[in-house]
Amino acid sequence: MTSPLPVAVVGAGIGGLAAALALGRAGVNSHLYEQSARFEEAGAGIGLGPNAVRRLDEWGVGKALRETACMPLALQVRNADDARELGRLPMADAFQARYGAPYLTIHRADLHDSLWQALCRQSTCDLTLHQRLREVSQTPAGVELHFENSELAQQAQALVGADGLYSQVRRTVCGEQAPEASGHWAYRAMLPMQDLPVAWRKLQMGMWLGSGLHVVHYPVRGGEWLNVVVLVEATDTATTAGWDVSRTSAQIAADLQRCMQASCNELKELVALVPQWRAWCLFDRPPVVSAAQLARGKVALLGDAAHPMLPYLAQGAGMAIEDAACLASHWQNASLSAEQRLLNYAQARWSRVSQVQQRARRNGRIFHADGLLRSARDAAMKVGGARLMDMPWLYAG
Ligand SMILES: Cc1cc2nc3c(=O)[nH]c(=O)nc-3n(C[C@H](O)[C@H](O)[C@H](O)COP(=O)(O)OP(=O)(O)OC[C@H]3O[C@@H](n4cnc5c(N)ncnc54)[C@H](O)[C@@H]3O)c2cc1C
């Protein structure tokens, strides 16, 4: 008896690795195709909500993850202008008790590596690097994949597009639409904790809210590094997205100076400690409106390919991990056709990811508010504090 064709997964970022891992745990062989010639998981720190950590724990990745991740004790939100505390949310034990998993902060490369190591141990996935998908066609037997540097088409029983913001697979599912530039930029840096004043060396997440600006920082890599992100509104946008879009030091300095004019000295001093920033122009797409945007026939989308979002809920990778778990659970139902299984996945996911995309956009407006909206937000934080900052609808999901 011939073994069934594998499920093809295009893109070996966090979403693609998570998909291959979850499928493998469900007994499904996959083939990962990645355009890069080698794994160079770039980026900086990311936050993983308990909704993501719970799934990673179920996949047996949690132990390795915790060797490099940090478990912040709390999230402290402060006013960027005068350093006043606006709210505090206890996290570590409180999240474990409430959601069955903690909130972790981790370097993206460490998360990528933990997923990859788990996948290697599973032996359910082949990986081909340096394969850039060009075109996809659906056939009665499955899916045919055509790559840029190969004449030979590859066959699969189904295709999962985990190929990020500029997804090629997306064209097959919902046609061409360019991602939207938000007008927001993220400037990111990692600072060695040992070089920082004691006040910054805390096992907690910090967030500072100013007009047209917010700053987030947290420890990563076992607490040896502080990940700092300054998010600003700018008048120009990049033509490409990426972890390190070229933007001159002078442009970055001008942006920071303009947006941080009213900021307190404490914050300015932190920013001044950064020798070099990496720039990220933030793009997203309008929130998903139906299951049809996540799957078509034997092709499904996952992660940023399906629902890129602004990082203001810190859930892009989290949603990709949730997608992967959901996809694998629906793919297990062998009595259904491939099309029906992928449709069930899309129907189970679309409203959740849409809600997260919408809330991320809304948070951008709230975090950067000015005038009356800012005063109302601060007053609400004073009264509602931890309750407003916690998100059971998200973390318990
Ligand atoms: C500033 C910032 C902060 C963030 N913070 C957080 C956070 O705190 N928490 C969180 O959960 N998320 C966060 N995110 C979002 C998160 O990083 C992404 O949502 C997540 O990494 C997306 O993973 P992905 O695998 O879907 O896509 P990607 O990481 O983009 O991976 C796509 C992969 O596909 C490959 N590929 C692309 N096209 C092709 C092709 N044609 N053929 C073959 N391969 C291809 C690419 O090389 C890449 O390896 C943040 C994002 C930004 C910008």
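Laboratory data are not the source of any read-out in this text; all were calculated from the coordinates shown. Keep in mind that what you see is a predicted model, and the values were worked out from it rather than measured. Here the Cβ is made from the backbone with ideal geometry for all residues, glycine too, and neighbour counts use every protein chain on show.
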Between ALA74 and residues 5 or more places away or on another chain, the pairs with built amide H atoms under 5 Å apart involve MET91, ALA92, MET205
Between the alpha carbon centres of segment 144-204 and segment 1-64 the gap in Å comes to 14
In segment 167-210, the trypsin sites (Lys or Arg not before Pro) that sit in a DSSP loop and have at most 15 other Cβ atoms within 10 Å of their own Cβ are ARG201
For the pair SER249 and CYS120, the simple spin-label estimate (label points 7 Å beyond Cα toward Cβ) gives in nm 3.7
Correct semi-axes for segment 163-219, from √(5λ) of the alpha-carbon gyration tensor and rounded to whole Å with the largest first, are 37, 15, 9
Going residue by residue through segment 167-182, the Karplus relation 6.51 cos²θ - 1.76 cosθ + 1.60 with θ = phi - 60° gives ³J(HN,Hα) values, rounded to whole Hz and with x marking Gly or Pro, of 3, 7, 5, 3, 4, 5, 8, 9, x, 8, 8, 6, x, 9, 7, 8
A correct Karplus calculation of ³J(HN,Hα) over segment 383-397, with 6.51 cos²θ - 1.76 cosθ + 1.60, θ = phi - 60°, whole Hz and x for Gly and Pro, returns 7, x, x, 4, 5, 6, 7, 7, 9, x, 4, 8, 6, 7, x
Projected onto their principal axes, the Cα atoms of the chain stretch, largest extent first, over whole-Å spans of 70, 44, 39
Applying the gyration tensor rule to the Cα atoms of segment 348-397 (axes a ≥ b ≥ c; rounded if a/c under 1.5, else prolate if a/b exceeds b/c, else oblate), the class is oblate
Magnitude of the Cβ-charge dipole (Lys and Arg +1, Asp and Glu -1) of the chain about the Cα centre, nearest 20 debye, reported as 920
Length gained if ASP378 through GLU40 is fully extended, taking 0.36 nm per residue and subtracting the Cα-Cα distance, is 117.6 nm
DSSP beta bridges in the chain: the antiparallel percent, rounded to 5, is 70
Distance in nm between GLU135 and LEU388 label points, each 7 Å along Cα→Cβ, equals 5.4
Extension length gain for ARG98 and ALA178 (0.36 nm per residue less Cα distance), in nm, is 24.9 nm
Nearest-0.05 FRET efficiency for SER290 and ALA153 at R0 = 22 Å, using Cβ-Cβ distance, is 0.15
Of the convex hull drawn through the C-alpha atoms of segment 1-51, the volume per residue in Å³ is 93
Going fewest to most other Cβ atoms within 10 Å around each Cβ, SER249, SER329, SER30, SER335 line up as SER335, SER249, SER329, SER30
Net charge near VAL77 (other residues with Cβ under 9 Å of its Cβ; Lys, Arg +1; Asp, Glu -1) is +1
Given a Förster distance of 30 Å, the FRET efficiency implied by the Cβ-Cβ spacing of ARG84 and GLN257, rounded to the nearest 0.05, works out to 0.85
In segment 142-189, the GluC sites (Glu not before Pro) that sit in a DSSP loop and have at most 15 other Cβ atoms within 10 Å of their own Cβ are GLU148, GLU151, GLU176
For LEU5 and GLN340, extending 7 Å from Cα along the Cα-Cβ vector and measuring point to point gives, in nm, a value of 2.0
The chain: relative contact order from alpha carbon pairs under 8 Å, six or more residues apart, as a whole percent, is 23
The rounded separation in angstrom of the Cα centers of segment 265-302 and segment 311-325 is 11
